[in-house]
1. Output yes when any residue across the stretch A:19-27 is closer than 15 Å to A:S8 by Cα, open to solvent by less than 10 Å² (accessible area, probe 1.4 Å) and in contact (Cβ under 8 Å) with a residue 24 or more places away in the chain, and no when none is.
2. Any residue in the stretch A:69-88 that is touching an Asp or Glu at 6+ places or on another chain (Cβ under 9 Å), modelled with pLDDT of 90 or more, crowded, with 21+ Cβ neighbours inside 10 Å and not in a helix (DSSP H, G or I)?
3. Checking A:I91 against (1) within 14 Å of chain B (Cβ to nearest Cβ); (2) open to solvent by 50 Å² or more (accessible area, probe 1.4 Å), only one condition comes out false. Which one?
4. Among the candidates B:A103, B:A53, B:A59, which residue alone is at pLDDT below 75, open to solvent by less than 50 Å² (accessible area, probe 1.4 Å), more than 22 Å from the chain's Cα centre (by Cα) and not hydroxyl-bearing (S, T, Y)?
5. Filtering the stretch A:117-132 down to residues that are surrounded by 15 or more Cβ atoms within 10 Å (Cβ to Cβ) and not charged (D, E, K, R), which residue is farthest from the other protein chains (Cβ to nearest Cβ)?
6. Any residue in the stretch A:66-84 that's within 14 Å of chain B (Cβ to nearest Cβ): show its pairings with residues that are assigned to a helix (DSSP H, G or I) and open to solvent by 30 Å² or more (accessible area, probe 1.4 Å) at Cβ separation under 7 Å, as long as the two are six or more apart or on different chains.
7. Mind checking which residues of the stretch B:293-326 are more than 10 Å from chain A (Cβ to nearest Cβ) and either more than 55 Å from the chain's Cα centre (by Cα) or under 25 Å from A:L169 (Cα atoms) (or both)?
Amino acid sequence: MTELIELSEVSKHYHLGKDIIPALSNINLKINKGEIISIIGPSGSGKSTLLHLIGLMDHASKGEVFYKGHNVKKFTKNELAHIRGEKIGFIFQDFNLLNDLTIKDNIALPLLINSKTNKISPSQNQKIDQLLNQLNISDRFNHRPKQVSGGQKQRAAIARALITNPEILIADEPTGNLDDFTSQQIINLLYKMSKEQQLTMIIVTHDKKIAEKADKIIEIKKGKITKTS
Amino acid sequence: MTLALSLGVLLMTILSGLNFGVKNYFLQQSNQDKILRELTVTPLGNKLELSLATLIPKAQLTPQLIEKIKQIPEIEEVLPTNSINGISSLQVSLLGQIFQTDALLYGAPYQSLNLPEISQEEWAQYQNEPYPAVISTKLLDLYNLTFANANNFPQITKENFIGKEITILLNQSTFFETQEGPTIKLKAKILGFSPNVKLIGLTLPDKTIEKINQDFLNKAQDNYLDAIVHVKKPEYLSIVSEKLQNLGFQVTTAEQSLKTVEGIFKVTDLSLNFFFLVMMILSGLLISSTFLNKISEQGREIAILKTLGMTNQQIGNLYLFEASLIGSIASLIGIILGIIFSAPLNIFLSNFLSNILSKPKTFFVYSPILIISLILYAILTACIFAYIPAMKAAKLNPIKLLAK
């Protein structure tokens, strides 16, 4: 199996005035292509910090993070931004859609950011329409995020994460703001699409039922991996 | 923010247009081909010296010297100015009142008047009364702007004077008790106003002055006050100037006068630039603070864009692009309103200065360079002052912003 991300003896701490707050300590983790991993743990255990390191949004205070065998410390800020834009898809609990844009424009945003011409090609436009259909929100494409339901927002966020054909999908409590029925629908959709597209997915959740669907479950407590199953 | 910048550009448009219009007028006046080929010759020590109310020339320019000047090959024509060899007063009835004052009587050839309204034939009627006469444009402006205003006297227009008969009182002073002979009354008729004639006094044809000197003052015309010299080409100015200086004359070129005018405009330009700088700082500070507020409000959006792969540079450029857009829109609004407002202002200024002859027809002139400069100025102001907020936005930490 191809190794995508590796964390070796990674620790992360934050400074709060003179105090040092540890968030993660001595984490060792390998994430392979096509793997679905769920991260569970109580609030404040370091799940999101771990996700930020995997998503190349943050640097480790100690230890090394490798992306496809390359130490991420050697990447420039721009290179990291490009990897995030093209190879990693993010799904957030709060959806994080831009309220001034339509659903379709929100989905097209990563393409525009990565485009050199600031234009969407006809094939990309076709891909957006395809995702809108697949995620069952094609009738909402011209609506603003405030005009659609939570489930539809999250579907739009999933489409936005998938539009660049990423290698890794990072979902930070994607059902945290949804009711049980919609949660179930979204999770089923995420797992289905990940399998279909052979995506690597890392999902942070409180819900054990959701976690159990993953290939690997990582339990984290007080900044340490306590269990891997 | 756009409104404040527009207001700044509007003020700058009006002031720049006015500055450019007035400057353009004076430079055009000084840049006429004839003026560029012109120099004034006076013998050394013959500078006019102001002594209380009268101007006393110290020395004279003789006809022999004039002939010497005419022999210089690069010279096209020599136009000497003469004056009467005695004292005189002028009497004129204007607006129901009789004005009388001491005045110098000068004589000038037709070519030196630079007054197309008067024909050469009119000026050639030098032998018969009323003699043709012109007054300095600047004298009328001087009277209206200072003397009339200070003494609450009525303003005099060009029309009040044109065609008016003036009585010349030879051998008589209005202010001093001097009598060089019996008072002789002569009539002159004002034909127009010339910017080229002597400021204080009445200018008649040079031959009329010769005639007055000969017939009434019994003095033959043997010297001149000064002479205007026109060279054949502007590039001959320096050669001729040197030759005349070698002959013992003092020479003033139009180029020197132009430099004086340009010097004055440098001061107005500097003052205007200082004003623009203050405006730039004030509107710039407003732009900076608005952008800082905007960025703190849009923190979450910035974080989302960064997460989706936008680089720091792209984020910074996004705000700089917005700033340049604001600058462009503000400058266009300001310039359009400025041009619209300058039309009634032009009418107001023309009416307000209706009695002033040395004034441009259009006070506000907008050149493409001026408009482009104003647009660039507004864009630059917006971008310079949005730069620090834009860089701040670029460096924001998306994790902290998303955690909020």
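1. yes
2. Within the stretch A:69-88, one or more residues are touching an Asp or Glu at 6+ places or on another chain (Cβ under 9 Å), modelled with pLDDT of 90 or more, crowded, with 21+ Cβ neighbours inside 10 Å and not in a helix (DSSP H, G or I).
3. In the conditions (1) within 14 Å of chain B (Cβ to nearest Cβ); (2) open to solvent by 50 Å² or more (accessible area, probe 1.4 Å), A:I91 misses (2) alone.
4. B:A59
5. Per the criteria, the residue is A:L132.
6. These pairs meet every condition: A:K77/B:N312.
7. If the condition is that a residue be more than 10 Å from chain A (Cβ to nearest Cβ) and either more than 55 Å from the chain's Cα centre (by Cα) or under 25 Å from A:L169 (Cα atoms) (or both), then B:G299, B:I302 are the ones that fit.
To keep it simple, each residue is scored yes or no on (1) touching a strand residue (DSSP E or B) at 6+ places or on another chain (Cβ under 7 Å); (2) within 14 Å of another protein chain (Cβ to nearest Cβ); (3) more than 21 Å from B:R300 (Cβ to Cβ); (4) crowded, with 16+ Cβ neighbours inside 10 Å.
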site: A:F95; (1), (2), (3), (4): no, yes, no, yes
site: A:I103; (1), (2), (3), (4): no, no, no, yes
site: A:S115; (1), (2), (3), (4): no, yes, yes, no
site: A:Q147; (1), (2), (3), (4): no, no, no, no
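The values are calculated or read from the model by the stated rules, or taken from the named source; none is laboratory data. Everything quoted here is computed from the prediction, not taken from an experiment. Reconstructed Cβ throughout: ideal geometry from the backbone, glycine too, with neighbour counts over all protein chains shown. Each accessible area value is taken on the protein alone, full model and side chains, heavy atoms only, with ligands, DNA and RNA left out. Shrake-Rupley method; radii C 1.70, N 1.55, O 1.52, S 1.80 Å.
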